[in-house]
Amino acid sequence: MTSLTQSNRNTRPIGVFDSGLGGLTVLTELRRQLPKENFVYLGDTARTPYGSKGPKTIARYADECIKFLQTKNVKLIVAACNTVSALGDATLNRDKTVPVIGTIESALKEVAKLPDCKKIAVIGTEATIGSKAYEVAFNRAMPDLQVDSLACPLFVPMVEQGILEGRVFEVVADHYLERLRLIRVDALVLACTHYPLLKSALESYLGSEVVIVEPSKSVAELVTKSLEETGLIGAPSGDPTMEYFVTDEVSRFDYLARLFLQNEEVQALRIEDLA
Ligand code: DGL
């Protein structure tokens with residue numbers, strides 16, 4: 001009886017949410033590292049982008065996403081959106097019934113792995129960079145590290161238009177990042193869900209000596225640790241399930257999701273009202 005109850009608890013899904021599509025980069029990494037887990041993904045496509053909104057609005061949206069995922073009986077929630085994660089633990093873990101893991105700690109973990117890293121730049125949305133959350137977290141954890149932060153808002157719509165390299169990328173990269181070529185950083189932290197799709201263009205733009213850091217890599221490690229600590233790591237039983245929910249038309253999401261999921265077919269369900 002006890003082991004059955006435990007197994008039921010373990011097979012509860014992991015909830016992942018984002019302002020829209022970008023969180024699929026984090027979901028991909030989670031599914032790769034936790035192949036036995038069931039997942040529920042929520043993309044708040046009706047209200048995206050979050051990155052140009054104010055902190056109170058973002059906090060309210062995040063709260064509503066978390067509440068929705070709780071109705072799906074999730075055992076843990078990943079705030080895949082860096083803009084949401086920049087609000088900080090106090091906001092995300094207000095209701096302590098389900099742990100919520102964001103992206104900042106993962107970024108710290110990834111940078112800590114780099115040998116001889118003295119100077120980094122963090123790029124993200126206007127809200128993420130404006131919050132200084134990454135800078136503060138890095139300064140606290142690694143006081144000797146020099147941290148520069150730059151908002152690159154146009155990268156998000158570019159990725160959603162499939163502009164991942166070429167002339168338009170070069171012009172926009174010059175606009176935001178030319179300075180980085182001069183100050184020479186050791187690493188560039190991609191503090192936005194969409195930017196991993198620009199990784200190879202950014203590598204060519206900045207040169208191979210700059211390490212490109214993707215926080216999503218360590219998110220799965222933190223999720224695994226949390227599930228192990230709470231005894232909720234997935235019990236293998238049949239094929240894992242994957243459900244997608246969105247707040248706007250499903251067609252655009254289903255179409256663009258293939259760009260983020262290496263052509264995997266997605267059939268999302270629309271929720272009429274998240275609030
Ligand atoms: N998901 C957001 C992030 O990672 C980018 C898109 C948006 O602005 O909503 O910051």
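The values are calculated or read from the model by the stated rules, or taken from the named source; none is laboratory data. From a predicted model like this one, the values you see are computed outputs, not experimental measurements. Neighbour counts run over all protein chains shown; Cβ positions are idealised from the backbone, glycine included. Surface areas here come from the heavy atoms of the whole protein model, side chains and all, with no ligands, DNA or RNA. Shrake-Rupley method; radii C 1.70, N 1.55, O 1.52, S 1.80 Å.
Label the stretch 212-275 by shape, choosing from rounded, prolate and oblate, from the square roots a ≥ b ≥ c of the eigenvalues of the Cα gyration tensor; if a/c is under 1.5 it is rounded, and otherwise prolate applies when a/b is larger than b/c, oblate when it is not.
Prolate, since a/c reaches 1.5 and a/b exceeds b/c.
According to the square roots a ≥ b ≥ c of the eigenvalues of the Cα gyration tensor, what is the shape class of the stretch 126-275, taking rounded for a/c under 1.5, prolate for a/b larger than b/c otherwise, and oblate for the remainder?
The shape class here is oblate.
Cut-off 10 angstrom, C-alpha nodes, Gaussian network model of the chain. Which of Tyr176, Tyr195, Tyr41 fluctuates the most?
Largest GNM mean-square fluctuation: Tyr176.
Once the mean 1/r over all distinct Cα pairs of the chain is inverted, what Kirkwood radius in angstroms do you read off?
About 19.0 Å, per the Kirkwood formula over Cα pairs.
List, in the order given, every pair from Lys109/Lys225; Lys53/Lys119; Lys119/Lys199; Lys36/Lys217; Lys53/Lys96; Lys113/Lys225 whose Cα-Cα distance in the structure shown is over 22 Å.
Cα-Cα > 22 Å for Lys53/Lys119; Lys53/Lys96; rest within.
Among Pro240, Pro196, Pro143, which one moves the most in a GNM of the chain with springs linking Cα atoms closer than 10 Å?
Its mean-square fluctuation being the largest, the pick is Pro143.
Straight distance only, please: which aspartates and glutamates reach the Cα of Lys67 with their own Cα at less than 20 Å, same-chain residues fewer than 8 apart left out?
Of all the aspartates and glutamates, those that pass the test against Lys67 - Cα under 20 Å, at least 8 places apart if same chain - are Asp18, Asp44, Asp89, Asp95, Glu243, Asp248, Glu272, Asp273.
Which whole-angstrom value gives the distance between the alpha carbon centres of the stretch 166-187 and the stretch 8-61?
If you average the Cα positions of each part, the centres end up 29 Å apart.
Given only helices, namely DSSP H runs of n ≥ 4 each adding -39500 (n - 2.57), what is the per-residue ellipticity at 222 nm of the chain, to the nearest 500 deg cm²/dmol?
-13000 deg cm²/dmol
Compute a Gaussian network model of the chain, connecting alpha carbons closer than 10 Å, and tell me which residue from Leu42, Leu34, Leu182 fluctuates the most.
Per the Cα network of the chain with a 10 Å cutoff, Leu182 tops the list.
Taking 7 Å along the Cα-to-C-beta vector as the label spot, tell me the Asp148-Ser52 distance in nanometres, rounded to one decimal.
Result for the modelled spin labels: 2.6 nm.
Students sometimes get this wrong: rank Thr247, Thr57 by accessible area, probe 1.4 Å, all chains present, largest first.
So, going from the largest accessible area down, we get Thr57, Thr247.
Counting other C-beta atoms within 10 Å, and keeping those with at most 12, which DSSP coil GluC sites (Glu not before Pro) do you find in the stretch 70-179?
Qualifying residues, ordered by number: none.
Quick one: give the max-minus-min coordinate of the C-alpha atoms of the stretch 77-125 along each principal axis, largest first, in Å.
Extents along the principal axes: 40, 22, 15 Å.
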